[in-house]
Amino acid sequence: MTRHLYFSQAKEQLDFEKLKSANDTVMWQSPSNIALVKYWGKYGFQFPRNPSLSFTLSESHTTTKVEYLFKEEAAHSEHVRLFFHNEESPKFLKKIEQFFHSIEEFFPFIPYLSFTIFSENSFPHSAGIASSASSMSALALCLCTIERRLMNTLQDEEEFYHKASFIARIGSGSASRSVYPGLALWGAHDDFADSSQVYAIPYYEQFDPVFLTFRDAVLIVDAKEKSVSSRAGHALMEDNIFAPVRYQQAENHLITLVEALKSGDLTNFGNIVEEEALSLHALMMTSKPSYLLMKPATLEIINKLRAWRNKTGIPAFFTLDAGPNVHLLYPQQYTNQVEDFIKMELAQHCENGRWIKDHVGKGPVQLK
Ligand code: PMV
């Protein structure tokens, strides 16, 4: 598959009369997500080595406002300004400029507009919540809305979200899944007819409603920057001797996880989700160079959780991203018990006792 088959647009499709009067604002709020089956390893133009499935979160979101204005000269540089929490951010600006450059073939209006972007996260930096997922999906949704307004394309809802997911994916793979409510699936799998390598799809199949009530308590073990970037981590998979087995494991896990989602089998759900998290970390440990991304406190939390679950029978499970912080997933009906347990037993292992409450959410919202 070549990148050009999807969503490419020729400059000729631009309506210059409309473009010349462009002077407007668009704003989206988009959530982060937490993967149940993890994406780890990629190739080509940001294609995943295996399919992944995630819960869309709710409270952890990015709000992005884009002011766009026609400019006489079509040029690539100096047409983007970026404010992160109202402060100009040169570090993120460089990334965004590269991103705009790489998506120009999908949005031919980009060189003709100047953009002022205001972005804010609802959650603290490096808290173990993927800010790239919420920020890149929010920006992608803004750009698709600009396309809708200036080119009269993307009027069909499904196509709009497919393209938003496609564009978000180019910014950060996991961001492709953040444009949908509930559960999202990214990566082609034979068992899912509409699944795709280039964008995520909403996972609407019949599943037990208990999963839409799921809560995610994010236990912040260490709020420092990750010791290995996602980009470097994905690249390490290319030489990892376990990679082929891992990709097969993820495909199988997707099938068994979906069975558990359909039947409401919480035990199997938890087994698969925890195995996914530990597999991700095992891959990092067996990469060259090797990374140990868990901290002693991560293990303390996991051990305590497992012992408490065995004792109480409460279906609370952990998952991890590529870092030391623990996401504790559980059905809403157990909120009081789980929160008491966190306060009594787990918060002491968190940096400054910090943890964040989130839950499965309804997806992005357009604010302007
Ligand atoms: O989206 P990226 O390139 O930052 O990769 C994210 C990978 C994991 O968060 C570890 C797993 C996932 O599927 O979200």
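The values are calculated or read from the model by the stated rules, or taken from the named source; none is laboratory data. Values in this document were obtained by computation on a predicted structure and should not be read as measured data. Heads up, the Cβs are rebuilt from the backbone with ideal geometry, glycines too, and the neighbour counts pull from every protein chain shown. Heavy atoms of the whole protein, side chains included, go into the accessibility calculation; ligands, DNA and RNA do not. Shrake-Rupley method; radii C 1.70, N 1.55, O 1.52, S 1.80 Å.
Here are a few things to note about the model shown:
- Residues ASP216, ASP194 ordered from highest to lowest accessible area at a 1.4 Å probe: ASP194, ASP216.
- Ranked order, LEU212, LEU254 - accessible area, probe 1.4 Å, largest first: LEU212, LEU254
- Assuming charge only on the beta carbon of Lys and Arg (+1) and of Asp and Glu (-1), the dipole of the stretch 28-110 about its Cα centre is about 540 debye to the nearest 20.
- Relative contact order %, the stretch 10-58, counting alpha carbon pairs below 8 Å whose residues are six or more apart: 33 percent
- Debye intensity ratio in log₁₀ form over the Cα atoms of the stretch 110-201, taken at each q of 0.11, 0.16, 0.19, 0.25 Å⁻¹: -0.34, -0.69, -0.92, -1.28
- Considering only ASP190, ASP208, ASP24, the Gaussian network model of the chain with Cα springs below 10 Å gives its largest mean-square fluctuation to ASP190.
- Based on Cα contacts under 8 Å between residues 6+ apart, the chain shows a relative contact order of 23 percent.
- Vicinal HN-Hα couplings computed from phi for the stretch 24-31 (Karplus, 6.51 cos²θ - 1.76 cosθ + 1.60; Hz; Gly/Pro x): 8, 10, 10, 8, 10, 10, 9, x
- Taking the C-alpha atoms only, the angle from helix 157-171 to the longest principal axis of the chain is near 80 degrees.
- Dipole axis of the chain (+1 Lys, Arg; -1 Asp, Glu on Cβ), positive-most option in LEU299, MET237, VAL26: LEU299
- Bins of 10 Å, starting at 0 and running to the largest distance - Cα pair percent for the stretch 171-309: 9, 33, 40, 17, 0
- For the stretch 231-289, the normalised intensity computed at q = 0.13, 0.17 Å⁻¹ comes to -0.39, -0.60 (log10 of I(q)/I(0), Debye sum over alpha carbons, equal scatterers, no solvent).
- Whole-percent carbon and sulfur share, accessible surface of the stretch 139-234, 1.4 Å: 47 percent
- Here the Karplus curve 6.51 cos²θ - 1.76 cosθ + 1.60, taken at θ = phi - 60°, turns the phi angles of the stretch 42-49 into couplings of 8, 8, x, 8, 6, 8, x, 6 Hz, with x standing for Gly and Pro.
- Under 22 Å from LYS295, Cα to Cα: lysines that are on another chain or at least 8 residues apart: LYS38, LYS224, LYS226, LYS304, LYS343, LYS357
- Computed over the stretch 229-337, Kirkwood Rh from alpha-carbon pairs, angstrom: 15.1 Å
- Simple Cβ-charge dipole of the chain, Lys/Arg +1 and Asp/Glu -1, about Cα centre, in debye nearest 20: 740 debye
- Dividing the convex hull volume of the alpha carbon atoms of the stretch 271-321 by its residue count gives 67 Å³ per residue.
- ALA193/THR286 FRET efficiency (R0 51 Å; Cβ-Cβ; nearest 0.05): 0.90
- Mean-position separation - Cα centroids, the stretch 302-346 and the stretch 154-171, in angstrom: 35 Å
- Summarised in one figure, the compactness ratio Rg/Rh of the stretch 72-160, Cα atoms and Kirkwood Rh, is 0.98.
- Computed about its Cα centre, the charge dipole of the stretch 1-145 is approximately 640 debye, with only Lys, Arg, Asp and Glu carrying charge at their Cβ.
- Surface per residue (accessible, 1.4 Å probe) for the stretch 38-136, Å²: 42 Å²
- Rg/Rg_globular for the stretch 304-368, with Rg_globular taken as 2.2 N^0.38 Å and Rg from C-alpha atoms: 1.29
- Overall dimensions of the chain by Cα: Rg and Dmax, Å: 20.7, 69
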